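Report on one structure; see the data block that follows.
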Amino acid sequence: MEQSIPQGALRDLVGAARAGDGAATDQLMAGVHQIAVRYARARLGTLPGAREAAQDVAQEVCVAVLTSLSRYTDRGLPFEAFVYRIAANKVADAQRGTLRGAVPTDDVPDQVDSAAGPEEHALRSDQARAVWELMDRLSPQHREIVTLRVAVGLSADETAEALGMTPGAVRVAQHRALGRLRSMLAEGSELA
(Lines give C-alpha, C1' and ligand atoms only; values in the text may rest on other atoms or scores of the structure.)
Protein backbone atom coordinates (compact mmCIF):
# COMPACT_ATOMS: atom_id res chain seq x y z
CA MET A 1 0.00 0.00 0.00
CA GLU A 2 1.21 3.51 -0.79
CA GLN A 3 2.60 5.56 2.04
CA SER A 4 0.54 8.65 2.77
CA ILE A 5 1.99 12.06 2.10
CA PRO A 6 2.48 14.11 5.28
CA GLN A 7 0.05 16.99 5.61
CA GLY A 8 1.55 20.22 4.28
CA ALA A 9 4.46 18.43 2.60
CA LEU A 10 3.37 19.49 -0.87
CA ARG A 11 3.12 23.13 0.13
CA ASP A 12 6.73 23.01 1.33
CA LEU A 13 7.84 21.60 -2.04
CA VAL A 14 6.00 24.13 -4.24
CA GLY A 15 8.39 27.01 -3.66
CA ALA A 16 11.47 24.89 -4.28
CA ALA A 17 9.93 23.36 -7.40
CA ARG A 18 9.03 26.80 -8.75
CA ALA A 19 12.64 27.89 -8.13
CA GLY A 20 13.85 25.09 -10.39
CA ASP A 21 14.87 22.45 -7.83
CA GLY A 22 14.57 19.19 -9.78
CA ALA A 23 14.46 16.96 -6.70
CA ALA A 24 11.66 19.05 -5.18
CA THR A 25 9.77 18.94 -8.49
CA ASP A 26 10.09 15.15 -8.60
CA GLN A 27 8.84 14.82 -5.01
CA LEU A 28 6.00 17.25 -5.66
CA MET A 29 4.90 15.36 -8.78
CA ALA A 30 5.08 12.03 -6.92
CA GLY A 31 2.79 13.46 -4.24
CA VAL A 32 0.43 14.97 -6.80
CA HIS A 33 0.32 11.64 -8.68
CA GLN A 34 -0.50 9.74 -5.48
CA ILE A 35 -3.34 12.12 -4.61
CA ALA A 36 -4.69 12.11 -8.17
CA VAL A 37 -4.64 8.30 -8.52
CA ARG A 38 -6.43 7.75 -5.21
CA TYR A 39 -9.03 10.41 -5.99
CA ALA A 40 -9.61 9.20 -9.55
CA ARG A 41 -9.94 5.55 -8.46
CA ALA A 42 -12.52 6.58 -5.90
CA ARG A 43 -14.52 8.64 -8.38
CA LEU A 44 -14.22 6.36 -11.43
CA GLY A 45 -14.75 3.06 -9.62
CA THR A 46 -17.99 2.24 -11.43
CA LEU A 47 -16.77 2.83 -14.97
CA PRO A 48 -15.44 0.11 -17.26
CA GLY A 49 -11.64 0.25 -17.29
CA ALA A 50 -11.64 2.44 -14.19
CA ARG A 51 -8.12 1.41 -13.11
CA GLU A 52 -6.58 2.42 -16.41
CA ALA A 53 -8.71 5.56 -16.58
CA ALA A 54 -7.56 6.55 -13.07
CA GLN A 55 -3.92 6.21 -14.15
CA ASP A 56 -4.63 8.33 -17.24
CA VAL A 57 -6.39 10.96 -15.16
CA ALA A 58 -3.52 11.03 -12.68
CA GLN A 59 -1.06 11.57 -15.51
CA GLU A 60 -3.17 14.42 -16.90
CA VAL A 61 -3.41 15.98 -13.44
CA CYS A 62 0.39 15.85 -13.08
CA VAL A 63 0.86 17.52 -16.46
CA ALA A 64 -1.72 20.20 -15.63
CA VAL A 65 -0.17 20.90 -12.22
CA LEU A 66 3.33 21.02 -13.66
CA THR A 67 2.36 23.40 -16.48
CA SER A 68 0.38 25.68 -14.17
CA LEU A 69 2.93 25.67 -11.34
CA SER A 70 4.53 28.92 -12.51
CA ARG A 71 1.12 30.64 -12.35
CA TYR A 72 0.11 29.14 -8.98
CA THR A 73 -0.36 31.68 -6.21
CA ASP A 74 -0.78 30.72 -2.57
CA ARG A 75 -4.10 32.21 -1.45
CA GLY A 76 -4.07 30.62 1.97
CA LEU A 77 -5.69 27.38 0.81
CA PRO A 78 -3.72 24.15 0.93
CA PHE A 79 -1.91 23.17 -2.27
CA GLU A 80 -3.86 19.89 -2.11
CA ALA A 81 -7.08 21.87 -2.74
CA PHE A 82 -5.53 23.15 -5.97
CA VAL A 83 -4.67 19.56 -6.94
CA TYR A 84 -8.18 18.28 -6.08
CA ARG A 85 -9.80 21.01 -8.16
CA ILE A 86 -7.74 19.98 -11.19
CA ALA A 87 -8.38 16.28 -10.46
CA ALA A 88 -12.14 16.86 -10.23
CA ASN A 89 -12.12 18.49 -13.67
CA LYS A 90 -10.02 15.71 -15.20
CA VAL A 91 -12.28 13.03 -13.66
CA ALA A 92 -15.33 14.78 -15.15
CA ASP A 93 -13.58 14.76 -18.54
CA ALA A 94 -12.87 11.03 -18.17
CA GLN A 95 -16.48 10.33 -17.25
CA ARG A 96 -17.71 12.22 -20.31
CA GLY A 97 -15.23 10.35 -22.48
CA THR A 98 -16.48 6.99 -21.19
CA LEU A 99 -20.04 7.91 -22.10
CA ARG A 100 -18.96 8.36 -25.73
CA GLY A 101 -18.09 4.68 -25.96
CA ALA A 102 -15.16 2.53 -26.98
CA VAL A 103 -13.37 2.71 -30.30
CA PRO A 104 -12.81 -0.67 -32.00
CA THR A 105 -9.26 -1.76 -32.81
CA ASP A 106 -7.66 -4.15 -35.28
CA ASP A 107 -5.09 -5.39 -32.73
CA VAL A 108 -5.61 -8.84 -31.24
CA PRO A 109 -3.97 -9.62 -27.86
CA ASP A 110 -1.06 -12.07 -27.93
CA GLN A 111 -2.00 -13.87 -24.71
CA VAL A 112 -5.04 -14.83 -22.67
CA ASP A 113 -6.30 -12.24 -20.20
CA SER A 114 -6.13 -13.71 -16.69
CA ALA A 115 -8.11 -10.87 -15.11
CA ALA A 116 -11.51 -11.32 -13.51
CA GLY A 117 -14.20 -12.71 -15.75
CA PRO A 118 -17.43 -11.10 -16.91
CA GLU A 119 -19.48 -12.49 -14.01
CA GLU A 120 -17.12 -11.08 -11.38
CA HIS A 121 -17.00 -7.74 -13.18
CA ALA A 122 -20.79 -7.67 -13.38
CA LEU A 123 -21.14 -8.35 -9.65
CA ARG A 124 -18.55 -5.71 -8.72
CA SER A 125 -20.10 -3.25 -11.15
CA ASP A 126 -23.56 -3.86 -9.74
CA GLN A 127 -22.35 -3.36 -6.17
CA ALA A 128 -20.40 -0.25 -7.11
CA ARG A 129 -23.42 1.13 -8.96
CA ALA A 130 -25.60 0.60 -5.90
CA VAL A 131 -23.05 2.35 -3.67
CA TRP A 132 -22.77 5.32 -6.04
CA GLU A 133 -26.55 5.57 -6.32
CA LEU A 134 -26.64 5.94 -2.54
CA MET A 135 -23.70 8.36 -2.60
CA ASP A 136 -25.48 10.47 -5.23
CA ARG A 137 -28.31 10.99 -2.74
CA LEU A 138 -25.89 12.73 -0.36
CA SER A 139 -25.15 16.44 -0.59
CA PRO A 140 -22.11 17.29 -2.73
CA GLN A 141 -20.08 18.22 0.36
CA HIS A 142 -20.95 15.00 2.19
CA ARG A 143 -20.21 12.95 -0.94
CA GLU A 144 -16.80 14.61 -1.31
CA ILE A 145 -15.96 14.09 2.37
CA VAL A 146 -16.92 10.41 2.29
CA THR A 147 -14.94 9.96 -0.93
CA LEU A 148 -11.82 11.60 0.48
CA ARG A 149 -12.03 9.98 3.92
CA VAL A 150 -13.24 6.47 3.08
CA ALA A 151 -12.29 5.79 -0.53
CA VAL A 152 -9.11 7.87 -0.79
CA GLY A 153 -8.09 7.26 2.82
CA LEU A 154 -7.19 10.79 3.86
CA SER A 155 -7.14 11.72 7.53
CA ALA A 156 -9.61 14.26 8.92
CA ASP A 157 -6.80 16.82 9.03
CA GLU A 158 -5.80 16.17 5.40
CA THR A 159 -9.43 16.30 4.25
CA ALA A 160 -10.03 19.50 6.20
CA GLU A 161 -6.97 21.09 4.65
CA ALA A 162 -8.00 20.03 1.14
CA LEU A 163 -11.57 21.29 1.53
CA GLY A 164 -10.86 24.42 3.58
CA MET A 165 -12.70 23.16 6.67
CA THR A 166 -11.73 22.36 10.23
CA PRO A 167 -10.97 18.73 11.14
CA GLY A 168 -13.88 18.79 13.60
CA ALA A 169 -16.29 19.94 10.89
CA VAL A 170 -15.04 17.15 8.62
CA ARG A 171 -15.61 14.54 11.34
CA VAL A 172 -19.13 15.83 12.06
CA ALA A 173 -20.02 15.96 8.36
CA GLN A 174 -18.61 12.46 7.82
CA HIS A 175 -20.59 11.12 10.79
CA ARG A 176 -23.79 12.65 9.39
CA ALA A 177 -23.09 11.38 5.87
CA LEU A 178 -22.39 7.83 7.04
CA GLY A 179 -25.49 7.94 9.24
CA ARG A 180 -27.52 9.03 6.23
CA LEU A 181 -26.08 6.17 4.16
CA ARG A 182 -26.93 3.69 6.94
CA SER A 183 -30.51 4.94 7.13
CA MET A 184 -30.87 4.70 3.34
CA LEU A 185 -29.65 1.09 3.50
CA ALA A 186 -32.09 0.33 6.31
CA GLU A 187 -34.93 1.79 4.26
CA GLY A 188 -34.55 -1.00 1.72
CA SER A 189 -31.64 -0.26 -0.58
CA GLU A 190 -29.52 -3.40 -0.77
CA LEU A 191 -25.94 -3.87 -1.94
CA ALA A 192 -26.33 -7.69 -2.13
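Worth a mention:
- Test for Gln95: is it part of a helix (DSSP H, G or I), at pLDDT 80 or above and open to solvent by 40 Å² or more (accessible area, probe 1.4 Å): no
- Enumeration of residues in region 136-171 that are surrounded by fewer than 14 Cβ atoms within 10 Å (Cβ to Cβ) and over 18 Å from the mean Cα position of the chain (by Cα): Arg137, Thr166, Gly168
- Here Asp74 fulfils each of the conditions (1) open to solvent by less than 100 Å² (accessible area, probe 1.4 Å); (2) modelled with pLDDT of 80 or more; (3) over 18 Å from the mean Cα position of the chain (by Cα) apart from (2).
- Residue, least open to solvent (accessible area, probe 1.4 Å), within region 9-35, restricted to residues that are closer than 17 Å to Arg71 by Cβ and not in a helix (DSSP H, G or I): Gly20
- Here is the figure for region 121-133: residues that are loosely packed, with under 15 Cβ neighbours inside 10 Å and either in contact with a helix residue (DSSP H, G or I) (Cβ under 9 Å, 6 or more places away or on another chain) or within 15 Å of Gly179 (Cα to Cα) (or both) total 0.
- So Val103, is it assigned to a loop (DSSP other than H, G, I, E, B), of a type in the set (A, V, I, L, M) and either open to solvent by less than 90 Å² (accessible area, probe 1.4 Å) or at pLDDT below 70 (or both): yes
- Pair list, Cβ under 9 Å, 6 or more apart: region 60-89 residue more than 13 Å from Gly31 (Cα to Cα), other residue part of a loop (DSSP other than H, G, I, E, B) and open to solvent by less than 20 Å² (accessible area, probe 1.4 Å): Pro78/Gly8
- The residues on offer are Arg85, Arg51, Arg38, and the sole one that is in a helix (DSSP H, G or I), basic (Lys, Arg), modelled with pLDDT of 85 or more and open to solvent by 60 Å² or more (accessible area, probe 1.4 Å) is Arg85.
The values are calculated or read from the model by the stated rules, or taken from the named source; none is laboratory data. Just so we're clear, the structure is a prediction, and the values are computed from it rather than from any experiment. FYI the Cβ positions are ideal-geometry reconstructions off the backbone, even for glycines, and counts take in every protein chain you see. Heavy atoms of the whole protein, side chains included, go into the accessibility calculation; ligands, DNA and RNA do not. Shrake-Rupley method; radii C 1.70, N 1.55, O 1.52, S 1.80 Å.
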